[in-house]
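Below is one structure, written out as structure tokens, with a few remarks after it.
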Amino acid sequence: MANEFLNNINEFNLKEKYLSTNPEDSENPVFIKSEEYVNKDAAVQEKSSHEKSAIAVSTTNLSVWFNDKPGIENVNINIKKDSVTAIIGPSGCGKSTFLRALNFMHDLTPNAVVTGEINILGKDITEYNSIDIRKKVGMVFQKPNPFPTMSIYDNVISGLKLNWGHKKGLYDEIVETSLVQSGLWNEVKDRLKISAYSLSGGQQQRLCIARTLAVKPEIILMDEPTSALDPISTAGIEASIHDLKKIYTFIIVTHNMQQAARVSDFTAYFYLGKLIEHSKTSTVFTKPKEKLTEEYITGKFG
Amino acid sequence: MKKSTGNNSENLKVIKSKNHISDIFFEKTTLFFAFLIICIVFWIIYEMFIDSAPSRDAFGWGFIFSQDWEPVKEQFGALTFIYGTVVSSIIALAIALPVSLGIAIFLSELAPQIIKTTLSFLIEILAAIPSIVFGFWGIFVLAPFMRNTAQPFLESTLGFLPFFTGTKIGFGLLTSGIILAIMIIPIISAISRDVLKTIPQAQREAAYALGATRWEAIKMALLNAKSGILGATVLGLGRAVGETMAVTMVIGNRAQIKISWFEPAYSMASVIANEFAEASGKIHLSSLIEVGLVLFAVTFVINSLARFLIYSTTKKLTVK
Amino acid sequence: MEAYEILANPKNLKRRKIINIVMLTLSVVSGLVAIIPLIYILFYTTAAGISSLNLDFFTQLPKPVGEPGGGIANAIVGSVEIVGLGSAFGIPIGLMSGIYVSEFSKSFFANIVKFVTDVLSGIPSIIIGIFAYGVIVLQTKHFSALAGGFALGILMIPTVTRITEEMLKLVPISLREASLALGISRWKTTLKIVLRTASGGIITGMLLAIARAAGETAPLLFTSFGNSFWSESIDSPTASLPVQIFNYAISPYAEWHQKAWAGAFVLIALVFIISLIVRLITKNKFSQSV
Ligand SMILES: Nc1ncnc2c1ncn2[C@@H]1O[C@H](COP(=O)(O)OP(=O)(O)OP(=O)(O)O)[C@@H](O)[C@H]1O
Ligand SMILES: [Mg+2]
């Protein structure tokens, strides 16, 4: 039931977002909530469609070194836009390390050095500063981490409030949209002003997703987003991903094979810091090219 | 970002994040304030050096070894003050150390939770009471008590020792040592308790498994924590050496070196507190500042040693 | 390892048991011994101080010896003034340095800052007084609240720095990551997320620093000095509560002693109340984060 609801709601919102690229739809007044908000989207969409590449992330010989030991080594990968790519592999193989390289998150690790090339949305990553890149490439973490001093409402708009100085008038609408997209709206719409910490773990995680969506990134990185959650919350989040992938590029690290099979279009298998295989999820799970991949998927190790 | 020096990553193109200009500005701003602290400390040292120059030129190293302190004759030496500071601090340590250890053991190993929090809170308050209040209490409560009760008792029991003889006026080395002890007990016990807490519980359990009594298990923990506890003690010593008001009010303020602990004496901090505002001339002022410089040097050495000891134990233990 | 040798000897079980009881008792006793002076000081000061507390004490200027009544209003206001100046000087430096040491701690320089802060906290307050005297009083040729505030400010810096650093380090990395991942700048992350999350503890630290500064006497003796009247400005000698207590305490007059007890009571009450607030804040913080 929850999923059904989710699907309906998400369709509603997806249209809103599409609207910006398809001006012919705009006669439908329901979806025009605020010109400014829509225009910003339009600008973003236009710019990236202008570049006309279907590749969201592309890396060349990407390595990350911790104290001169490689966490990942020479990773070459092209990740398709508006799709879901699952990253799988045994613990310690470098999945998080790969993900964190894509939005300069290694900045926070004092001894990490990133080498190689990363291309994000058609531009070399070094052309962005660390703030811009993170606006384009959002991230959801394994453990839910809402801001403890803020209400649910403030959590959702935190990325906007602390950054662009959006007009206050738009906040209500953005909060609603984002919470609907992450499937949390129904549960919290009457208590938006209470502390985010009073939510359950699964709700907190969906709040974190809403918070990320509110910034309207183009790529969303998720590092084991459901590993701390119950099956129902997991299903909710997977449903959101499924619906949102038409407009967002998702890269999801997961230890759960079924999840990878369920939600992803492409799957990349990492082993000991190297990218072993990357292709359509159906291919990876049915007839993997590499022996290592097969062993992992069939549960021989890992 | 750290520049990589290793084998593999040498010739590769390093991806460096560009920080936003506002972030760079923010880091530099905080750095500026941090740098201010360093400047202030060097400035303090510089001032003390410059301002004590006349005295240092006039008396040289003899300043430390001379007992003369005669403003009228412009003769100055710091030995009596050094003596007063050292002896009162040692008395304080001798009293405070066993008591603080007892408290630390009680707090970390024995007390039930409710007593633990209450006692910790009380000791925290004890640490926060201004020294002027201790001094004032010392004048009106402790000194009369020493004069009328404690000193006669000590003389009749331990009078064969030269420390416990002489005129019983209540103000002197022993009284200031006791006040100082009360004042440093909170520091020593709090840090010792924290150090003891870092000793893994497994060690105690191992001792019990070998048939040790509770005290023996605690003793083992103490042995393991000994350099941290020593550090706490030395830190307490640093406090005692630098304490001014409480000592000034009960030490008697007489520039003399007497073996008896009942006798009035004078400490480095006290002489500065008493004479600085009314210093009679340039050389007098400069000598007081040199006393301050000696005091600074002593506390600096003591505190560095303490930090080193505490750091080395807690580090060793947390790494384990 | 030598520790295990104690146990290697199973004989004298009875003796060991007696030692056990004796030592444990001693430890409990020392806990009690430590509270006795505390209780004694608290009660004595309260008893002696509260009887001389009245409205005049807070609103009137000191009267000369022999005249009854009067108060130490000027000293209380002076203390507020001097501590206020000190806070205005010391808290920003301490806070910003604390942020630097905690948030940019990967740099080597941060370790130097930490060490120097430790050095500063170990310098006896009387020496800070000498410094403020040399830097301000000698230059301006007169005692002033400004000089006193300068000295107190320096004394406050290490406490504020250390508390800020410790409290910021308690904020989990994951919150910083969450904020940065939203494209929020580093400085806004630090100020609006990290600092705000830690604000309870940091405010606590400031209160402690202020309470301690309010009781400092030695560095004021020859910086703000004292004044029997209202001081004209922050650039003139100014009375303060602790210095006034000191002057009254060492005087030979019983009525001044009474005033000093009342002053001491005010100081202790201040410390007590602030410690209590601190306890409550930190307790709340813990229950919230667990
Ligand atoms: N900060 C760090 N310092 C040193 N080594 C690190 C650091 N972070 C990661 N590594 C190393 O890099 C390698 C890859 O780690 P990473 O966290 O990316 O693994 P993972 O695939 O995400 O594992 P998991 O499934 O357990 O999350 C590991 O060998 C790890 O030890
Ligand atoms: Mg990981």
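May I ask you to say which residue of C:Ser87, C:Ser97 is open to solvent by less than 40 Å² (accessible area, probe 1.4 Å), more than 13 Å from every other protein chain (Cβ to nearest Cβ) and not in a loop (DSSP other than H, G, I, E, B)?
Residue meeting the stated conditions: C:Ser87.
Of all residues in the stretch C:100-132, which are under 23 Å from the mean Cα position of the chain (by Cα) and more than 7 Å from chain B (Cβ to nearest Cβ)? Please lay out each step first, then the result.
Taking the stretch C:100-132 and keeping what is under 23 Å from the mean Cα position of the chain (by Cα), we get C:100-102, C:113-132.
Correct list: C:Ser102, C:Lys114, C:Phe115, C:Ser121, C:Ile128, C:Gly129, C:Ala132.
Can you report the number of residues in the stretch C:206-258 which are in a loop (DSSP other than H, G, I, E, B), surrounded by fewer than 18 Cβ atoms within 10 Å (Cβ to Cβ) and touching a Pro at 6+ places or on another chain (Cβ under 9 Å)?
Qualifying residue count for the region: 2.
Filter the stretch A:146-161 down to residues that are open to solvent by 10 Å² or more (accessible area, probe 1.4 Å) and more than 11 Å from A:Val215 (Cα to Cα) and give me whichever is nearest to ligand 2 (Cβ to nearest atom). Break it down into steps so the answer makes sense when it comes.
Filtering the stretch A:146-161 down to residues open to solvent by 10 Å² or more (accessible area, probe 1.4 Å) leaves A:148-151, A:153-154, A:161.
From what's left, more than 11 Å from A:Val215 (Cα to Cα): A:148-151, A:153-154.
On the way: A:Pro148: 23, A:Thr149: 27, A:Met150: 26, A:Ser151: 30, A:Tyr153: 31, A:Asp154: 29 Å.
So the residue we want is A:Pro148.
Test B:Ala111 against the stated conditions and say whether it is surrounded by 13 or more Cβ atoms within 10 Å (Cβ to Cβ) and within 30 Å of A:Asp132 (Cβ to Cβ).
On the way: surrounded by 13 or more Cβ atoms within 10 Å (Cβ to Cβ): yes; within 30 Å of A:Asp132 (Cβ to Cβ): no.
No.
Would you kindly identify the helices (runs of 4 or more DSSP H) lying entirely within the stretch B:229-320 that contain at least 3 residues that are more than 12 Å from chain C (Cβ to nearest Cβ), in contact (Cβ under 8 Å) with a residue 40 or more places away in the chain and surrounded by fewer than 23 Cβ atoms within 10 Å (Cβ to Cβ)?
Helices (runs of 4 or more DSSP H) meeting the threshold: B:282-319.
I'd like the full set of residues that are assigned to a loop (DSSP other than H, G, I, E, B) and within 14 Å of chain C (Cβ to nearest Cβ), limited to the stretch A:214-232. Can you show your working first?
Residues of the stretch A:214-232 that are assigned to a loop (DSSP other than H, G, I, E, B), as a first pass: A:215-218, A:224-230.
A:Val215, A:Lys216, A:Pro217, A:Glu218, A:Glu224, A:Pro225, A:Ala228 - these are the residues of the stretch A:214-232 that are assigned to a loop (DSSP other than H, G, I, E, B) and within 14 Å of chain C (Cβ to nearest Cβ).
Would you check if there is a residue in the stretch B:17-24 being more than 7 Å from chain A (Cβ to nearest Cβ), open to solvent by 80 Å² or more (accessible area, probe 1.4 Å) and either touching a His at 6+ places or on another chain (Cβ under 8 Å) or modelled with pLDDT of 85 or more (or both)? Give the derivation first.
So the first thing to find is which residues in the stretch B:17-24 are more than 7 Å from chain A (Cβ to nearest Cβ), and the list is B:21-24.
Next cut, open to solvent by 80 Å² or more (accessible area, probe 1.4 Å) only: B:21.
Right, trim to either touching a His at 6+ places or on another chain (Cβ under 8 Å) or modelled with pLDDT of 85 or more (or both) and you get B:21.
There is at least one residue in the stretch B:17-24 that is more than 7 Å from chain A (Cβ to nearest Cβ), open to solvent by 80 Å² or more (accessible area, probe 1.4 Å) and either touching a His at 6+ places or on another chain (Cβ under 8 Å) or modelled with pLDDT of 85 or more (or both).
Assess whether A:Lys167 counts as being among the charged types (D, E, K, R) and either within 9 Å of another protein chain (Cβ to nearest Cβ) or more than 16 Å from ligand 1 (Cβ to nearest atom) (or both).
So A:Lys167 fits the description; yes.
Conditions (1) buried (at least 22 other Cβ atoms within 10 Å of the Cβ); (2) over 21 Å from A:Ser158 (Cα atoms), marked per residue:
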| residue | (1), (2) |
| --- | --- |
| A:Cys208 | yes, no |
| A:Thr212 | yes, no |
| A:Thr267 | yes, yes |
| A:Tyr271 | no, yes |
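Inside the stretch A:216-230, can you point out the residues that are on the phi > 0 side of the Ramachandran plot and either touching a Ser or Thr at 6+ places or on another chain (Cβ under 7 Å) or open to solvent by less than 10 Å² (accessible area, probe 1.4 Å) (or both)? Steps first, answer last, please.
Initial filter on the stretch A:216-230 (on the phi > 0 side of the Ramachandran plot): A:216, A:224.
Hit for the stretch A:216-230 is A:Glu224, nothing else.
So if I check each of A:Ser233, A:Ser240, which one is of a type in the set (S, T, N, Q), open to solvent by less than 30 Å² (accessible area, probe 1.4 Å), within 24 Å of A:Ser91 (Cα to Cα) and away from ligand 2 (no atom under 16 Å from the Cβ)? Outline the logic, then answer.
Working: A:Ser240 fails: within 24 Å of A:Ser91 (Cα to Cα).
From the options A:Ser233, A:Ser240, the qualifying one is A:Ser233.
Provide a single number: the residues in the stretch B:141-167 that are within 14 Å of chain C (Cβ to nearest Cβ) and either touching a strand residue (DSSP E or B) at 6+ places or on another chain (Cβ under 6 Å) or crowded, with 16+ Cβ neighbours inside 10 Å (or both).
Adding up the residues that qualify gives 5.
Any idea which of (1) modelled with pLDDT of 90 or more; (2) assigned to a helix (DSSP H, G or I) is the one A:Thr267 doesn't satisfy?
(2)
What about B:Leu101, is it open to solvent by 40 Å² or more (accessible area, probe 1.4 Å), in the same structural domain as B:Ala246 (by TED's automatic domain parsing) and modelled with pLDDT of 85 or more? Explain how you work it out, then say what you get.
Working: open to solvent by 40 Å² or more (accessible area, probe 1.4 Å): yes; in the same structural domain as B:Ala246 (by TED's automatic domain parsing): yes; modelled with pLDDT of 85 or more: yes.
Here the answer is yes, as B:Leu101 does meet what is asked.
Hey, can you tell me all the residues within the stretch C:50-106 that are hydroxyl-bearing (Ser, Thr, Tyr), free of Cβ contacts under 8 Å to residues at least 24 places away in the same chain and within 28 Å of C:Trp230 (Cβ to Cβ)?
C:Thr59
Only one of (1) away from chain C (no Cβ under 12 Å); (2) open to solvent by 10 Å² or more (accessible area, probe 1.4 Å); (3) of a type outside the set (D, E, K, R) fails for B:Thr80. Which number is that?
Checking B:Thr80 against (1) away from chain C (no Cβ under 12 Å); (2) open to solvent by 10 Å² or more (accessible area, probe 1.4 Å); (3) of a type outside the set (D, E, K, R), the one that fails is (2).
Can you tell me how many residues in the stretch C:47-80 are assigned to a loop (DSSP other than H, G, I, E, B) and of a type in the set (Val, Ile, Thr)? Walk me through how you get there before you give the answer.
Taking the stretch C:47-80 first, the residues assigned to a loop (DSSP other than H, G, I, E, B) are C:51-54, C:60-72.
Checking which are of a type in the set (Val, Ile, Thr) leaves us with C:65, C:72.
Here the count works out to 2.
Among the listed residues A:Arg211, A:Arg191, A:Arg134, which satisfies the condition of being assigned to a loop (DSSP other than H, G, I, E, B), modelled with pLDDT of 90 or more and basic (Lys, Arg)? So that I can check it myself, show each step before the final result.
Numbers: A:Arg211 fails: assigned to a loop (DSSP other than H, G, I, E, B); A:Arg134 fails: assigned to a loop (DSSP other than H, G, I, E, B).
From the options A:Arg211, A:Arg191, A:Arg134, the qualifying one is A:Arg191.
Collect the residues in the stretch C:250-266 that are farther than 17 Å from C:Gly69 by Cα and at the interface with chain B (Cβ under 8 Å from one of its Cβ atoms), keeping them in residue-number order.
Result: C:Ile250, C:Ala264.
Could you say whether any residue in the stretch B:64-85 is of a type in the set (S, T, N, Q), in contact with a helix residue (DSSP H, G or I) (Cβ under 6 Å, 6 or more places away or on another chain) and closer than 22 Å to C:Ser121 by Cα?
Scanning the stretch B:64-85, I find at least one residue that is of a type in the set (S, T, N, Q), in contact with a helix residue (DSSP H, G or I) (Cβ under 6 Å, 6 or more places away or on another chain) and closer than 22 Å to C:Ser121 by Cα, so the answer is yes.
All but one of (1) in contact (Cβ under 8 Å) with a residue 12 or more places away in the chain; (2) surrounded by fewer than 19 Cβ atoms within 10 Å (Cβ to Cβ) hold for B:Leu223; which doesn't?
(1)
Can you tell me which residue is farthest from ligand 2 (Cβ to nearest atom) among those in the stretch A:65-110 that are of a type outside the set (Ser, Thr, Tyr), within 16 Å of A:Tyr271 (Cα to Cα) and in a helix (DSSP H, G or I)?
A:Phe98
Could you look through the stretch A:79-95, keep only residues that are within 12 Å of ligand 1 (Cβ to nearest atom) and surrounded by fewer than 20 Cβ atoms within 10 Å (Cβ to Cβ), and pick out the one that is farthest from the other protein chains (Cβ to nearest Cβ)? Talk me through it step by step, then tell me what you get.
Narrowing the stretch A:79-95 to residues within 12 Å of ligand 1 (Cβ to nearest atom): A:87-95.
So of that shortlist, the ones also surrounded by fewer than 20 Cβ atoms within 10 Å (Cβ to Cβ) come out as A:90-92.
Working: A:Pro90: 23, A:Ser91: 19, A:Gly92: 19 Å.
My answer is A:Pro90.
The values are calculated or read from the model by the stated rules, or taken from the named source; none is laboratory data. It should be emphasised that the depicted structure is a prediction, and the values quoted were computed from it without experimental measurement. We place every Cβ from the backbone using ideal geometry, glycine too, and count neighbours over all the protein chains shown. Ligands, DNA and RNA are excluded from the accessible area calculation, which covers all protein heavy atoms including side chains. Shrake-Rupley method; radii C 1.70, N 1.55, O 1.52, S 1.80 Å.
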